[in-house]
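The values are calculated or read from the model by the stated rules, or taken from the named source; none is laboratory data. All of these numbers come straight from a predicted model, not from anything done at the bench. Heads up, the Cβs are rebuilt from the backbone with ideal geometry, glycines too, and the neighbour counts pull from every protein chain shown. Areas reflect the complete protein model, heavy atoms only, side chains present, ligands, DNA and RNA absent. Shrake-Rupley method; radii C 1.70, N 1.55, O 1.52, S 1.80 Å.
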Amino acid sequence: MTLNASSTALWPYPCWIAHRGAGDLAPENTMAAFRLGAEHGFGMFECDVRLSADGEPYLLHDDLLDRTTNGRGQAALQPWDALSRLDAGSWHGRPYAGEPLMRLESLARWLLALGLMVNLEIKPSPGDEERTGRVVANHVARLWSQAHVMPLLSSFNVTALKAARNAQPDLPRALLIDQWAQDSIRTAQELGCRAMVVNHRYLDERKIDAIHQADMKALTYTVNNADRAATLWLSGLDGLITDRIDVFEPQARLGAHPGRLILATDLMLV
Ligand code: G3P
Ligand code: MG
């Protein structure tokens, strides 16, 4: 069975989610990060997806290239051919020198080869909200067309989520909430979301209950403290995004079978 936006009873996603692949332990949103997160036992990853100037979906958090690549300026101005030649690893440290930016297509191939899941945060460049939501949703529907579980699409941006819904209404969606507001739940419902992903500073048992009563799942970001995580799990939380893949290891390490992971990376297309 394929999970879609209307399958309200089913929630097939793991409750532990590695932020940007591996938190701070590897260069965010790169293959190296996802590989490390998987080695630490994570079965689901959060990452940030935006569009190149020529419409290629790829992974990058910031609007600017400066912090996490050797490029400069607005990422939105660059075609994929130029982006693909940037170094997105050296900023983190010498072991990752030359690590490239990653196309969504490459990530899809790796995840599908290993049966891993993903929360794709749609991160539109300013002014590109509608196109980003629509194009990312259409690519996801194509890339995961044979999958049993589709990626969970999320965004802080309502325009991008609406565009994703209009393009591919069956893909599961989540509204990201950085500041809780009176109408947060209503906004998520109007977008047909199956979940809300709330900044943990604003989440408590009462809000988790309210989200559940609205027939949605309650997820949170970015929890790096074990006590805080325990409090939220006891409050009924459904999913937690963390940087601390070294503190929270949701499954046994895959060290006994490293060959499977290494072989799967050979399928990657960058
Ligand atoms: O998707 C959860 C979290 O990643 C949202 O914040 O800035 O880390 O993308 P940010
Ligand atoms: Mg994010």
Q) How much length is gained on full extension from GLN74 to ALA226, taking 0.36 nm per residue of separation minus their Cα-Cα distance? A) 51.1 nm
Q: Enter the accessible area per residue of the chain (Å², integer; probe 1.4 Å; all protein chains in place).
A: 43
Q: Just the number, please: percent antiparallel of the DSSP beta bridges in the chain, rounded to the nearest 5.
A: 15
Q) Can you give the helix-only mean residue ellipticity at 222 nm for the chain, where every DSSP H stretch with n ≥ 4 adds -39500 (n - 2.57) and the sum goes over all residues, rounded to the nearest 500 deg cm²/dmol? A) -8500 deg cm²/dmol
Q. Ordered by packing density, taken as the mean number of other Cβ atoms within 10 Å over each peptide's residues, highest first, how do 137-144, 230-237 rank?
A. 137-144, 230-237
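Quote the Stokes-Einstein diffusion coefficient, in whole µm² s⁻¹, for the chain, based on the Kirkwood radius over alpha carbon pairs, a temperature of 4 °C and a viscosity of 1.567 mPa s.
70
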Q | Percent accessible area from carbon and sulfur atoms, the stretch 93-185, protein chains only, probe 1.4 Å | A | 47
Q | Heavy-atom SASA rank of THR222, THR132 (probe 1.4 Å, accessible area, largest first) | A | THR222, THR132
(Q) Going by Cα centres, the stretch 92-124 and the stretch 160-233 are how many Å apart? (A) 24
